[in-house]
1. Can you tell which of V243, V219, V189 is closer than 25 Å to I168 by Cβ, of a type outside the set (F, W, Y) and in a strand (DSSP E or B)?
2. Of the numbered conditions (1) surrounded by fewer than 23 Cβ atoms within 10 Å (Cβ to Cβ); (2) of a type outside the set (K, R); (3) over 14 Å from the mean Cα position of the chain (by Cα); (4) in the same structural domain as P294 (by TED's automatic domain parsing), D170 satisfies every one except a single condition; which is it?
3. Identify the residue in the range 120-136 that is surrounded by fewer than 22 Cβ atoms within 10 Å (Cβ to Cβ) and without any contact (Cβ under 8 Å) to a residue 60 or more places away in the chain and, among all such residues, is farthest from C54 (Cα to Cα).
4. In the range 89-158, which helices (runs of 4 or more DSSP H) lie fully inside it and hold 1 or more residues that are touching a Pro at 6+ places or on another chain (Cβ under 7 Å)?
5. Taking the conditions exactly as written (in a helix (DSSP H, G or I) and either exposed (fewer than 12 other Cβ atoms within 10 Å of the Cβ) or in the same structural domain as L150 (by TED's automatic domain parsing) (or both)), does R76 satisfy them or not?
6. If we scan the range 66-80, do we find a residue that is at pLDDT below 90 and out of contact with any Cys (no Cβ under 8 Å at 6 or more places or on another chain)?
7. Where the second residue is assigned to a loop (DSSP other than H, G, I, E, B) and the first is charged (D, E, K, R) and lies in the range 185-202, which pairs have Cβ atoms under 8 Å and are six or more apart or on separate chains?
8. Does G180 satisfy being touching an Asp or Glu at 6+ places or on another chain (Cβ under 9 Å), closer than 21 Å to L296 by Cβ and not β-branched (V, I, T)?
Amino acid sequence: MNHHPFPLRKFDRAMSLLDTLTAKLQRHPKRIVYPEGSDPRIIQAARQLVTWRCGVPILLGDRAAIKDRAKRLDVRLDGIRIMEPGRSDDYDLFLPMLDSLPAYSELPLDERKKLLLNHHNFAALMLLSGRADALIDGATVTTSSGLRSLFRIIPKQPAVKTASSMLILDQENTKVGTNGILFLADCGVIPDPNSSQLADIAVSTTAIVRHLTGEKPRVAFLSFASHARKPVHDSIYKIREAVQIAEAIGAARGIDADYEGELQLDTALDPVVAAQKGFSNSIVAGKANVLIFPDLNSGNIASKMLQVVANARTYGQIIVGLEKPCAEISRGAHVYDVVGTSIITACQAIDRALLNRKAGGEIRDGRPKLT
């Protein structure tokens, strides 16, 4: 079987990250819930995931509308679940769950009932309760609207203080990052992180990178200067402090990664430039595969420019630091963005020992029941 997820644009290399993760998800399929189930891109992505045996997509929305849209798209719905929150048996089960959530516990019953009819809230409760393994949101709403349900309902991981986001960049130059793959954070959540938040973003990102790739992350904290002799801006001090905090947090959490900063982008990615600037002995400079941006302005602008100008594939935003795997895609996402983001997010729900085990030694008895 051809596992290549995106035949419309093949890169000249053996196995990309998406190829590898797709194969792993086929061995450990997951249930992925989509609050915006009637969106044509979601329906088409769901069909593709079923075709590749990656799991069971769960589309929330009006059943008749989804079926009509699928018929017009000539998309089969076998293997895809459709749920209408207001008619679901889970509605009565989820209603008391809102009582235990600080954001909703003080609301009158009528308002909680109305909130539960919101597909984004319902999907988040499915994820929280284990009725779904991963969640993909954002196809039709602004980032802030989609994230609101996730951050209010899904708790942060115990060791994490700052929830953030990660974008995965897949481009043709295999000499950059890990075989052309770069992990960018934070490009979608925290506008102006302080040093502690920046460190938390970095460590939480490296945890996901380790989980997905099984490789040691090389983390560059980006700036307009590379180890400036005389710091001239507060952001330099912030980055230097963040590096020290990240090293301490990473060690305490047992996450094996290398950190360095402050580094300019070319110094972080280009070994020739890194050597010219005196970083030839650096473990990170010239070889970084994780890029930490100093603020949301720089991260968002850089990622959007890469998407538009370089026509690079980007997957995400992957939400980082929450207890359950979820992602917030862009309203301008294409079908292959939805598919790729779904695969990456669902793979976070696979136990790390199974995710990084060779195919020949896979354990198949523990496959989840997808009903």
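1. On the way: V243 fails: in a strand (DSSP E or B); V189 fails: in a strand (DSSP E or B).
Just one listed residue meets the conditions, V219.
2. Among (1) surrounded by fewer than 23 Cβ atoms within 10 Å (Cβ to Cβ); (2) of a type outside the set (K, R); (3) over 14 Å from the mean Cα position of the chain (by Cα); (4) in the same structural domain as P294 (by TED's automatic domain parsing), D170 violates only (3).
3. Per the stated criteria, the residue is S129.
4. On the way: elements: 90-94, 109-117, 119-128, 143-153.
The helices (runs of 4 or more DSSP H) meeting that bar are 90-94, 109-117, 119-128.
5. Values: in a helix (DSSP H, G or I): no; either exposed (fewer than 12 other Cβ atoms within 10 Å of the Cβ) or in the same structural domain as L150 (by TED's automatic domain parsing) (or both): yes.
No: the conditions fail for R76.
6. Pass one, the range 66-80, residues at pLDDT below 90: none.
No, the range 66-80 has no match at all.
7. D186/P193; D186/F293; D192/D295; D200/V160; D200/K161; D200/T162; D200/G321
8. Numbers: touching an Asp or Glu at 6+ places or on another chain (Cβ under 9 Å): yes; closer than 21 Å to L296 by Cβ: no; not β-branched (V, I, T): yes.
No; evaluated as a whole, the condition is false for this residue.
The values are calculated or read from the model by the stated rules, or taken from the named source; none is laboratory data. Fair warning: this is a prediction, and the values are worked out from it, not measured in the lab. Counting neighbours? That spans all protein chains shown, and the Cβs are built from the backbone with ideal geometry, glycine included.
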